[in-house]
């Protein structure tokens, strides 16, 4: 059975072989096709990029040394494009230097295979990378479903159209300026997109009520951070956004909910999302009030530094979107 053969494809997959030497492409085709892979070829870096754009192969075997666009540059372009950055790239190394190999790793290369090819090693590495890619694709699909669910919740309220995207985009900008890692930034991005997911548990009559909420209704609304965290918690790939989902209504002075965390007890991702969420809420029409101007919203963020919101996060947000110098820098300049 092919599935029990460690050198055979687990499932149908398309492999792009990019090498300016026809003999090398022919040899790789003879290795890969009997193992169950569909093979497409490219004789140059330019052709490889065209094939990637049009075919979206499952894996790329890429020579480092090519006459037009070298394999390191091709890899860097593939890995920098959100539409293709998850495609595994295997670099073929022949007479390559150590610096070329290091450059390939920096560009995002997933594996190296030396010439002349060890057939078993090549097939084993290809199968392993494709197994990992299949799992990654599955996780991306799960993310798409959960984000779609969050947007369905958002669509219940005509007053908050595209609120999630704006919160996510502004949160990511602030996170980058604060020097957060790429992994942390991804948690912030998903946290921004999913922070109101738990409102699926809030009845329309409460969520869309035009007047003030009574105590019981407000208690229902206050449940949405915990409800959202409960939805994503079983999905282990979603541990990144859970802190922002659960804690984006905590206040810096400890009077927020659900747990009354204070100051830096509140996860940084939640502090970032809280500022972006509050700004968007203030500048958006709501059933109970008209939108505030951006100038008024900026001032309210300033006024709430250290009470409702993390001062450092407010400073970075205002620097990014109001052109204000952070308070610490302003005092240092006096």
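Observations on the structure shown:
- Kirkwood hydrodynamic radius of the range 2-135, Cα pairs, Å: 14.5 Å
- P(r) histogram, all alpha-carbon pairs of the range 192-289 included - 5 Å bins from 0, percent: 2, 13, 21, 25, 22, 12, 4, 1
- In this calculation the C-beta distance from residue 22 to residue 135 is compared with R0 = 35 Å, giving a FRET efficiency of 0.50.
- Crossing angle, helix 45-55 versus the chain [Cα axis fit, 0-90 degrees, rounded to tens]: 60 degrees
- Max mean-square fluctuation residue, GNM over the chain, Cα-Cα springs under 10 Å, options 69, 231, 87: 69
- Spin-label model distance (nm) - residue 120 vs residue 73, 7 Å beyond Cα toward Cβ: 3.9 nm
- Our summary of shape: the Cα atoms of the chain have principal axis extents of 74, 55, 32 Å, ordered from largest down, in whole angstrom.
- Using a Förster distance of 51 Å, the FRET efficiency for residue 307-residue 65 (Cβ separation, nearest 0.05): 0.25
- Between 0 and 90°, nearest 10: helix 163-177 axis offset from the chain longest Cα axis: 70 degrees
- Degrees between helix 119-155 axis and first principal axis of the chain (Cα, 0 to 90, nearest 10): 20 degrees
- Spin-label pair residue 152-residue 97: with each label point 7 Å from Cα along the Cα-Cβ axis, the two points sit 5.6 nm from one another.
Just so you know, all these numbers are worked out from the coordinates, no wet-lab data involved. Everything numeric in this text was worked out from a predicted model, so none of it was measured. As a convention, Cβ positions derive from the backbone with ideal geometry for all residues, glycine included, and neighbour counts pool all protein chains shown.
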